[in-house]
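Student: Before I ask anything, let me first share the structure, which is written out below as structure tokens.
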Amino acid sequence: MSVAETTGGPSLKIVGGRILDGQGGERANTALLVRDGKIAALGDAASQASADETLNADGCIITPGFIDLNCNLREPGNGQKGNIASETRAAAHGGFTTVCASPETSPVNDSGAVTHLIRDVAATRSPIHVLPVGAVTRGLEGELLSDMAGLAAAGCVAVGNGARGVRNARILRRCMAYAQTFGLTVMFSPENQALAADGYAHDGLVTSRLGLLGIPEVAETTAVMEMILLAEETGARLHLSQLSCARSVEMLAEARRRGIAVTADVAMHQLLFTEEALAGFDSRFHVRPPLRGERDRKALIAGVREGVIDAIVSQHLPHDSAAKQAPLAATEPGLSTIESVLSLGLELVELNELSLSELVRALTAGPASVLGREARVAEGDVADLCLFDPEQHWTPNHTTLVSVGRHAPVTGRELPGVVRMTLAGGKVAWKQPAG
Amino acid sequence: MTANDPSPNHLQLTRDGQLRHFLTLDGLDRELLTDILDTADSFIEVGERTIKKVPLLRGRTVVNLFFESSTRTRSTFELAAKRLSADVLNLDISTSATSKGESLSDTLLNLEAMASDMFVVRHSQSGAPHFIAESVTPGVAIINAGDGRHAHPTQAMLDMLTIRQHKGRFEGLKVAIVGDVLHSRVARSQIRALNVLGVDEVRVIAPGTLLPKDVESLGCTVEYDMARGMKDLDVVIMLRLQKERMEGALLPSEREFYRLYGLNQDKLALAQPDCIVMHPGPINRGVEIESAVADGPQSVILNQVTNGIAVRMAVMSMAMGGQVSERQQKQMKGAQA
């Protein structure tokens, strides 16, 4: 039985705190009652109700559980880098109640059988909801269409090509047209493979100075434009994953003005860091798409503020130590991020670059709408909730991180925001240890 | 915004500003570069003695770790270490451990277990010496002998020594670097050194396909036309053009490159009459430079080679001095505690 289907368990009353519903609504929380996996009552009715357990949430913020559109759980395969149990526990630690599992597994999630396997393991070992994303092409090789009907029937919520590109526009067009047949959203990380070539860093000032192999902006922007035009032509519902360039945001906004069904997300680390993070050859910041310039960072934040970019994702990609213990070019891209997304977001709030409600929207209602769902704190809804203390601090390091991957973007730095409790389907998925 | 200190100096300088490793010229000031040149100057006469040795690194073990083959650079490092009386081990890693699948970290652990004091590292990947410097036990010095497209700091310093010998100064000089700047670790280090030492102008002369993005940000001006670029020059540094650059649509042909950017006597005549001609070697005659210029009176190419030994002796002795003093400081702190 998956978390989504669970009900019951002891009732819980949360008293105090402030509720942000992810859609701009805000209220002081006199009380919130969770019973039978749902939000049974809010306000006075909850105050007066009795419960098995009462939690004092003074000083805390209560939001819908965070939803991650891009998370690598590393299972099946790659056990040394993580598995469904470890990485969903890490997600719960970060306040997430739902994660979309990338199809980049081994074997690739390109068949109903693999999807079923992921769902079965998640049902018994994950404390949160796991929504598989199927591979849009067989083996993610960008050549042959996958069995999308089978993937949809097995429970995939979308199809995509992970971080890998699709070789040419003709195949891309067919992927979109076929996915559209089944009403499946296609999630693509836009990158022109020929222009990206062997690059691993933003083609800019730092790359020039350090002699790194660059990925130019046009590797992304030409792909964004191509995908938008193909989505317009095929009628597919397109989701652009992990944008990194200012021009991409402009093109996205323009496409939306023209009424094309396109949504997008950005990884949290793209909002905090720039190419300068690589100036000391720090392999933690070897990510794909690469961290770009300050102008891009600002435009991505503006995109989130204005709602042009729907969601902030973790792009969680845990690694074992060996993957990052090499000269920069020889390391594997990716960071273990899911536990620090909220804290990095709160740093943006402290810097006045995002408001708290914009941050919460991009972690809850925004990604929910991409999946055609809702994320609210309302009576009768499934109790997927995150309760965090913005004033409390923590330091990501080997002892505090739950993920198998320990290469967090800001290891060793004190960060604001501690998740005190994550409830998924009314059950405690994470609770801050006492003391 | 960065999570850590991106400056290389936390790694390559001791707290009192001495050289601990020599990885890049980024972040090093004019005083330190001048110190390296002065020290190198003092080592030149060692090479002119009958017994070409000083005892500065006696009892120390220097390992030449070349992950990429290079006869010339390795030989000069080997000679420099031997003239400092060090024991030298040459390891051609490209054909040994790592080709058997061993990781760089494991290779280093094994070499450290042999009680090495200094690694001279040449690697095809930018930043590899930084990674090694961060990984090794404190007390082991790392000298960058060229990493990817990033830096070749000893080559740049021997070029600076050669310029100072022939021009007597850096102020007021106009210097051009010609050719494949995009792939050149030497050019990046040269541009940095020339700027820190105070030349008037650094020009790069190359077609657009052989220039890094926003190359001006490195501290140079760009000239696509060789005739215009040669005007008023005091120093012209030619870069080596690898033949494989002709493929992959970077250049149409060797012949066209030579016609447009190859240095011949006619083009050299456009510069100052006492303009010196430099080249890090090995030279491709008839591709970057014509023989009459390479062997001509304005060429200082062989001086560069001689100076390479003195500069490497200077850097090795200074880095070892920094390592020793850092270790002594730690020991003193330990004793006080």
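Student: Work out how far the C-alpha atoms of region B:123-184 reach from end to end along every principal axis, then list the three figures in whole Å, largest first.
Tutor: Principal axes ranked by extent give 42, 28, 14 Å for the Cα atoms.
Student: Which one, A:ARG89, A:ARG256, A:ARG305, has the greatest fluctuation when you compute a Gaussian network model over chain A with C-alpha springs under 10 angstrom?
Tutor: A:ARG256
Student: For chain A, take the alpha-carbon Rg, divide it by the Kirkwood Rh, and send me Rg/Rh.
Tutor: That ratio equals 0.96.
Student: Apply 1/(1 + (r/R0)^6) to the Cβ-Cβ distance of B:LYS52 and A:ASN397, taking R0 = 51 Å, and write down the FRET efficiency to the nearest 0.05.
Tutor: Efficiency, rounded to the nearest 0.05: 0.50.
Student: Which pairs break 26 Å Cα to Cα here: B:LYS52/B:LYS174; B:LYS53/B:LYS330; B:LYS213/B:LYS243; B:LYS53/B:LYS174; A:LYS81/A:LYS298; A:LYS324/B:LYS243?
Tutor: B:LYS52/B:LYS174; B:LYS53/B:LYS330; B:LYS53/B:LYS174; A:LYS81/A:LYS298; A:LYS324/B:LYS243
Student: Place the peptides A:66-75, A:415-424, B:58-67 in order of packing, highest mean first, counting for every residue the other Cβ atoms within 10 Å and averaging per peptide.
Tutor: Going from most to least packed, we get A:66-75, A:415-424, B:58-67.
Student: Quick test of the membrane-span-like rule: which DSSP H helices of chain B reach at least 30 Å along their long axis (C-alpha atoms) with mean Kyte hydropathy at least -1.0?
Tutor: Those that clear 30 Å and a mean of -1.0 are B:301-336.
Student: Choose one answer from B:LEU270, B:LEU233, B:LEU161: the residue with the largest mean-square fluctuation in a GNM of chain B with alpha-carbon springs under 10 Å.
Tutor: Largest GNM mean-square fluctuation: B:LEU270.
Student: I've got another one for you. Please list the equivalent ellipsoid semi-axes of region A:129-218, computed as the square roots of five times the alpha-carbon gyration tensor eigenvalues, in descending order and whole angstrom.
Tutor: Semi-axes, largest first: 31, 14, 9 Å.
Student: Per residue and in cubic angstrom, what volume does the convex hull of the Cα atoms of region B:235-337 have?
Tutor: 154
Student: Give the calculated FRET efficiency between A:VAL428 and A:THR181 to the nearest 0.05, with a Förster radius of 41 Å applied to their Cβ-Cβ distance.
Tutor: The computed FRET efficiency comes out at 0.50.
Student: Hey, another quick one. Have a look at A:ASN397, A:ASN352, A:ASN83 and tell me which one the Gaussian network model of chain A (Cα, springs below 10 Å) gives the largest fluctuation.
Tutor: Looking only at A:ASN397, A:ASN352, A:ASN83, the biggest GNM fluctuation is shown by A:ASN352.
Student: For chain B, report the translational diffusion coefficient in µm²/s to the nearest whole number, using Stokes-Einstein at 10 °C, 1.306 mPa s, and a Kirkwood Rh over Cα pairs.
Tutor: Estimated diffusion coefficient is 77 µm²/s.
Student: For A:LYS13, list the lysines whose Cα falls under 24 Å from its own Cα; do not include residues on the same chain fewer than 8 positions away.
Tutor: A:LYS38, A:LYS427, A:LYS431
Student: Taking only the C-alpha atoms, wrap a convex hull around region A:252-384 and report its volume per residue in Å³ as a whole number.
Tutor: Each residue corresponds to 134 Å³ of Cα convex hull volume.
Student: Rounded, prolate or oblate for region A:4-64? Axes are the square roots of the Cα gyration tensor eigenvalues, ordered a ≥ b ≥ c, and the cut-off for rounded is a/c under 1.5.
Tutor: Taking the square roots of the gyration eigenvalues as a ≥ b ≥ c, region A:4-64 is oblate.
Student: Working from the alpha-carbon coordinates of region A:196-238, get Rg over Rh, Rh being the Kirkwood radius.
Tutor: Using only Cα positions, Rg/Rh for region A:196-238 is 1.22.
Student: Which FRET efficiency, nearest 0.05, do B:GLN329 and B:LEU89 yield, Cβ-Cβ r, R0 25 Å?
Tutor: Calculated value: 0.35.
Student: Using a/c under 1.5 as the rounded threshold, could you call region B:181-267 rounded, prolate or oblate? The axes a ≥ b ≥ c are square roots of the C-alpha gyration tensor eigenvalues, and prolate needs a/b larger than b/c, oblate otherwise.
Tutor: It is oblate, given that a/c is not under 1.5 and a/b is not larger than b/c.
Student: Per the Kirkwood formula on distinct C-alpha pairs, the Rh of region A:308-435 is how many angstrom?
Tutor: 16.2
Student: Measuring from label point to label point, each 7 Å out along Cα→Cβ, what is the A:LEU229 to A:GLN193 span in nm?
Tutor: Here the modelled spin labels are 2.0 nm apart.
Student: Here's something else I'd like to know. Which length gain, in nm to one decimal place, applies between B:SER217 and B:THR306 when the Cα-Cα distance is subtracted from 0.36 nm times their residue separation?
Tutor: 28.8 nm
Student: Rounded, prolate or oblate: which fits the protein assembly as shown, taking a ≥ b ≥ c as square roots of the Cα gyration tensor eigenvalues, rounded meaning a/c under 1.5, else prolate when a/b beats b/c?
Tutor: It comes out prolate by the Cα gyration axes.
Student: If you count, for every residue in A:199-209, the Cβ atoms of partner chains within 10 Å of its Cβ, what is the mean?
Tutor: Average per residue, whole number: 4.
Student: Same structure, new question: Per residue of B:120-131, how many C-beta atoms from partner chains lie within 10 Å of its own C-beta, taken as a mean?
Tutor: Per-residue shielding by partner chains comes out at 5.
Read-outs throughout are calculated quantities, based only on the coordinates presented, and are distinct from any laboratory measurement. Because the structure is a prediction, the values reported are computed rather than measured. Methodologically, a virtual Cβ is constructed for each residue, glycine included, from the backbone with ideal geometry; neighbour enumeration extends over all protein chains shown.
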